[in-house]
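Below you'll find the structure, written out as structure tokens, and then a few comments.
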Amino acid sequence: LYLCNKHNIPASNLKYYVDNRDEVFELGNPDDIKKTILKSINNENRIRSVNGYLKRLDLEIKKIQKQIIKLDEYADLVNDIPANKTFNITGSAVSRILCDFENQLLQNMITTVNSNGLDIVAPMFDGLLISGENDITEKLETALNEKYPDLNMQIHIKPADNSIVFDETIIAENQGLYEVEQYMKDNNLLNYEDTKELFENEHS
């Protein structure tokens, strides 16, 4: 929506989704609706299975796709699509444009986090995993919205699930623990170093 506003591309249905996300999700299963909208954005083909608002949104997105890939600002990204790609070229171009812009936002966030003396464990999906209990959402929002006027970005902290579940019965059932043990015996893999060497020679 920000890119549409920036380039004066009409996007009233997309704006409605951004402004009324929870209401749109009430039209059905929220996960299915979210996937449908992502599919619409990243695929040049119309989604024939939707009706009502989602159909109007899909038709609008198809118009947006055609307009945004013609802009000189994104020519390098559009032209970078492999020559041997024969399907969903428009969708791929739009995906590259959005991923590039998302990366710009993420790099801005990384700079802000670093300048505040905090440690980043890793980029994570469309955000960052920051070490410790550090709430700098306001600083991140300020930095992003100063660099990209009218973006109106809102940052949320999501709880991190750091639990690790290791169930040997699953390994036994799905991987065949007995077969693994037998394989090790057959190949005289008596220790870690031997197992590592075989794995790296055959698999890595």
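The values are calculated or read from the model by the stated rules, or taken from the named source; none is laboratory data. Just so it is clear, the structure is predicted and the values come from calculations on it, not from any experiment. Virtual Cβ from ideal backbone geometry, glycine too; neighbours counted across all protein chains shown. For the accessible areas, the whole protein counts, side chains as well, though only heavy atoms, and no ligand, DNA or RNA atoms are used. Shrake-Rupley method; radii C 1.70, N 1.55, O 1.52, S 1.80 Å.
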So ALA122 passes all but one of these: (1) part of a helix (DSSP H, G or I); (2) loosely packed, with under 13 Cβ neighbours inside 10 Å. Which condition number does it fail?
(1)
Across (1) open to solvent by 80 Å² or more (accessible area, probe 1.4 Å); (2) assigned to a loop (DSSP other than H, G, I, E, B), GLN107 clears everything bar (2)
Across the range 130-167, what is the number of residues that are at pLDDT below 90, open to solvent by less than 80 Å² (accessible area, probe 1.4 Å) and not β-branched (Val, Ile, Thr)?
6
Are any of the residues in the range 42-55 open to solvent by 30 Å² or more (accessible area, probe 1.4 Å), part of a helix (DSSP H, G or I) and under 22 Å from ASN8 (Cβ atoms)?
no
Suppose we keep only residues that are in contact with a helix residue (DSSP H, G or I) (Cβ under 6 Å, 6 or more places away or on another chain) and β-branched (Val, Ile, Thr) within the range 92-112. Which one would you say is nearest to ILE69 (Cα to Cα)?
VAL94
Within the range 58-104, which residues are open to solvent by 50 Å² or more (accessible area, probe 1.4 Å) and among the β-branched types (Val, Ile, Thr)?
THR86, ILE89
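Count, please, the residues in the range 19-41 that happen to be assigned to a helix (DSSP H, G or I) and either among the β-branched types (Val, Ile, Thr) or open to solvent by 40 Å² or more (accessible area, probe 1.4 Å) (or both).
So the answer is 16.
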Between SER95, SER49, which is among the small types (Gly, Ala, Ser) and under 20 Å from the mean Cα position of the chain (by Cα)?
SER95
Qualifying residues in the range 1-18 (those that are open to solvent by 90 Å² or more (accessible area, probe 1.4 Å) and assigned to a helix (DSSP H, G or I)) - the one farthest from CYS99 (Cα to Cα)
LYS15
Contact list please: Cβ distance under 9 Å, first residue in the range 178-201 and of a type outside the set (A, V, I, L, M), second residue modelled with pLDDT of 75 or more and loosely packed, with under 10 Cβ neighbours inside 10 Å, pairs at least six apart or on different chains.
ASP194/ASN188
